[in-house]
Amino acid sequence: MAILSDEDLMQGMMTGTIGISDFSERGLTPNGYDLRIAQISISGDPAAIEKGIAVIPPKTMFYVSTVERIRMPDDLCASLWMRTTWIRKGIIGAFGKIDAGFEGTLTLGGYNASGEPVEIPIGERFCQMVFETLSSASAKNYAKRSGHYQGQTGITLKPVGKD
């Protein structure tokens with residue numbers, strides 16, 4: 001397994017093997033890419049926040065959808081890491097791995113573990129995506145194995161196309 005550098009990531013985007021819609025140069029890191037917030041849904045509030053600043057109450061779960069739509073090839077996966085800016089404010093992230101063959105926006109879980117409200121601006125960078133090479137291309141990628149969230153857009157809490 002190897003981690004892609006910023007140069008590898010740009011090369012992958014130029015050749016079309018990696019897809020990141022709404023790419024922002026500001027999001028590029030030496031070994032990954034910072035994903036931005038498109039929407040925040042605070043637990044207990046049915047309306048998603050899409051503009052301005054979301055105020056996350058203390059001890060509250062929330063969900064984030066990414067601005068970027070990701071398209072992964074069959075020989076890469078990606079780990080997600082909370083930006084330390086948010087960790088320092090008491091935000092904890094619940095992230096999974098982005099599987100080989102996944103396509104869509106991401107829905108990420110967050111929790112304000114602090115005793116104070118935390119303001120999170122829509123459009124701000126939330127977590128870093130770190131690309132990892134697989135030893136070989138997957139025999140069955142995400143779309144073919146389960147694909148429960150394949151093609152999702154926005155905050156998605158139930159599998160796409162399932163009731």
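Any read-out appearing in this document is the output of simple, stated calculations on the displayed coordinates, not a laboratory observation. Every value quoted in this text rests on a predicted model; they were computed, and no experiment measured them. Note that each Cβ is placed from the backbone with ideal geometry, even for glycine, and that neighbours are counted across all protein chains shown.
Roughly how far apart, in whole Å, are the Cα centres of segment 99-163 and segment 20-76? A separation of 9 Å, based on Cα centres. Positive contributions from Lys and Arg (+1) and negative ones from Asp and Glu (-1), summed over other residues with Cβ under 12 Å from the Cβ of Leu76, come out at -3. Annotation: amide H-H contacts under 5 Å for Leu76 (H modelled 1.01 Å from N, sequence separation of 5 or more, or interchain): Gly101, Leu134. How much net charge surrounds Thr153 when only other residues with a Cβ under 14 Å from its Cβ are counted (Lys, Arg +1; Asp, Glu -1)? Within the 14 Å Cβ shell, the charges total -1. Computed from Cα atoms, the angle from the helix 6-15 axis to the main principal axis of the chain rounds to 60 degrees.
Ranking request for peptides 140-148, 70-78: highest mean number of other beta-carbon atoms within 10 Å first, then the rest in descending order. Can you show the working numbers first?
Numbers: 140-148: 15.0, 70-78: 19.9.
The peptides rank, most packed first, as 70-78, 140-148.
Here the sum of -39500 (n - 2.57) over DSSP H runs of 4 or more residues, divided by the residues of the chain, equals -2500 deg cm²/dmol at 222 nm, to the nearest 500.
Any idea how many Lys pairs in segment 53-163 come in under 23 angstrom at the alpha carbon, given 8 or more places apart or on separate chains? Taking the Cα cut-off of 23 Å, the pair count is 9. Say a paramagnetic label sat at a point 7 Å from the Cα of Glu124, along Cα to Cβ; which residues of segment 19-46 have their backbone N under 12 Å from it? Answer for this model: 37. Among the GluC sites (Glu not before Pro) within segment 3-86, those in coil by DSSP and having at most 16 neighbouring Cβ atoms inside 10 Å are Glu50. Dividing the mean sequence gap of close Cα pairs (under 8 Å, 6+ apart) by how many residues the chain holds gives a relative contact order of 29 percent. Put simply, the amide H of Ser43, placed in the peptide plane, has neighbours under 5 Å in Met61, Phe62, Tyr63, leaving out anything fewer than 5 places away on its chain.
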